[in-house]
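The values are calculated or read from the model by the stated rules, or taken from the named source; none is laboratory data. Only a predicted model underlies this, so the values are computations on that prediction, with no experimental measurement involved. In this analysis, Cβ positions are derived from the backbone assuming ideal geometry, glycine residues included, and neighbour counts consider all displayed protein chains. What goes into the accessible areas is simple: the full protein's heavy atoms, side chains included, and nothing from ligands, DNA or RNA. Shrake-Rupley method; radii C 1.70, N 1.55, O 1.52, S 1.80 Å.
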Amino acid sequence: MKMRLAGLTLLTFSACTATSDNLNSAAQGGDVETASAARTLAENKVSTDALAKWRSGNPSWYAPVPPFQLIGDKGAGVYYVGTKSLGMFFIPTSQGHIVIDGGMPDQGTMVADAIVQLGYDPKDIKILLNSHAHLDHSGGLAALKAMSGAQLVASEGDRSALEGGFYLGSEEDVYLFAPPVKVDRIIDDRETVTLGDVTLTAHLHPGHTRGCTSWMMTAEQSGQSYELLFFCSATVAANRLIDPPQYENIVDDYRLTFAKARKLKPDVFLANHPGFFGLSKKRQMQKAGNPLAFVDDQHFGRFIVRSEQAFEAALAKQTAAAQSRR
């Protein structure tokens, strides 16, 4: 995926609070952080001019895809509610619903409309999860939170960027602003989020952002259980790795993430950019009659090998460029 940033082409990179008793189960694995209610959100500085440039420079991010079920038995599992090049996911449960990522700042209502098309009410969203705090994935969360009263669960590493509405390390770049959104619960590595009959486990994979968070769950289809991974990201994108780094210890974080990710072998690999997991090809296979088109327990391993190679190449390139300037 590509985006235009300040003339360069680079690789991508007041809400109400829910009080339902159902959120007791949503907070399993950790209580809602009550201190968050006392914090004041930053001003929303997203401009219509910036959004217009994003739209014109990245049309595939806005290209509609009819929502559909990726995997799972009827009325359960995981549904795709994103666009051609931005992945957003809807997970219905018996006690309300979960959404992972909100797309761009003007796409919260688009995600809600997709949920309506599937026959569900967006007001029944109880939990919002975020892969990472970049505007093309966190941008729509504030609108979804305002319309549903859902809890936002995120990592400590990404909280400042989510609540500040900025790109960590490029805080003054107005082109990268997102609507600030309050985090209701901080999630740590291997902690779980449960709602109804669905449990997701957080896997912190820092690097792409300081708090980049992948999520894992199981889904049942025709009597078989499958392990799903919603991978955060491991691309370098617009990040500075050195001189100065986007944030402290970013290189070590990437390498830690690659080491952790190599140990994961999900049956179904999903991600916030559908090109990462081959959505188009697999969807065509599914429509042609293969109900398990998204099941491939080797795909993620191949993806991580390529991602690590790309990271090391980017690090070498940035290092050489820095040395040439000295």
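Here Lys45 is the anchor, and the lysines within straight C-alpha reach of less than 29 Å, apart from those fewer than 8 places off in the same chain, are Lys2, Lys53, Lys84, Lys123, Lys126, Lys145, Lys182. Database remark: amide H of Arg240 closer than 5 angstrom to the amide H of Gln246 (H placed geometrically; neighbours at sequence offset of 5 or more, or on other chains; Pro and chain starts carry no H).
Each label point was placed 7 Å from the Cα along the Cα-to-Cβ direction; for Ser60 and Ile242 their separation is 3.1 nm. Here the Karplus curve 6.51 cos²θ - 1.76 cosθ + 1.60, taken at θ = phi - 60°, turns the phi angles of region 111-127 into couplings of 4, 4, 4, 5, 5, 4, 4, 7, x, 10, 9, x, 5, 8, 5, 10, 9 Hz, with x standing for Gly and Pro. Close amide H partners of Asp106, meaning residues 5 or more places away or on another chain with modelled amide H under 5 Å apart, do not exist here. The spacing between region 262-326 and region 180-206, judged by their C-alpha centroids, is 22 Å.
Cα-Cα pairs above 30 Å in the chain: how many percent? Result: 29 percent of Cα pairs exceed 30 Å. Under 5 Å between amide hydrogens, built in the peptide plane, is the criterion, and for Ile187 it picks out Ala154, Ser155, Glu156 among residues at least 5 positions away or on other chains. What base-10 log of the normalised intensity I(q)/I(0) is obtained for region 216-326 from the Debye formula, alpha carbons as equal point scatterers, at q = 0.13 Å⁻¹? Treating every Cα as an identical point scatterer, log10 I(q)/I(0) equals -0.59. Once the 1.4 Å probe is applied to the protein heavy atoms, the chain comes out at 42 Å² accessible per residue.
Quick one: with all protein chains in place, what share of the accessible area of the chain is carbon or sulfur, to the nearest percent (1.4 Å probe)? Working shown, then result.
Values: 7080 of 13820 Å².
In the chain, the share of accessible area belonging to carbon and sulfur is 51 percent.
Counting DSSP beta bridges in the chain, what percent are antiparallel, to the nearest 5?
On the way: 30 of 46 bridges.
The answer is about 65 percent antiparallel.
Does region 134-210 come out rounded, prolate or oblate, given a ≥ b ≥ c as the square roots of the eigenvalues of its C-alpha gyration tensor, rounded meaning a/c under 1.5 and, failing that, prolate meaning a/b above b/c? Present the calculation step by step, with values, prior to reporting the outcome.
On the way: a/c = 2.55, a/b = 1.38, b/c = 1.84.
Oblate.
Relative protection proxy for 105-114, 54-63, 234-243, from highest mean packing down: 105-114, 234-243, 54-63 (other beta-carbon atoms within 10 angstrom).
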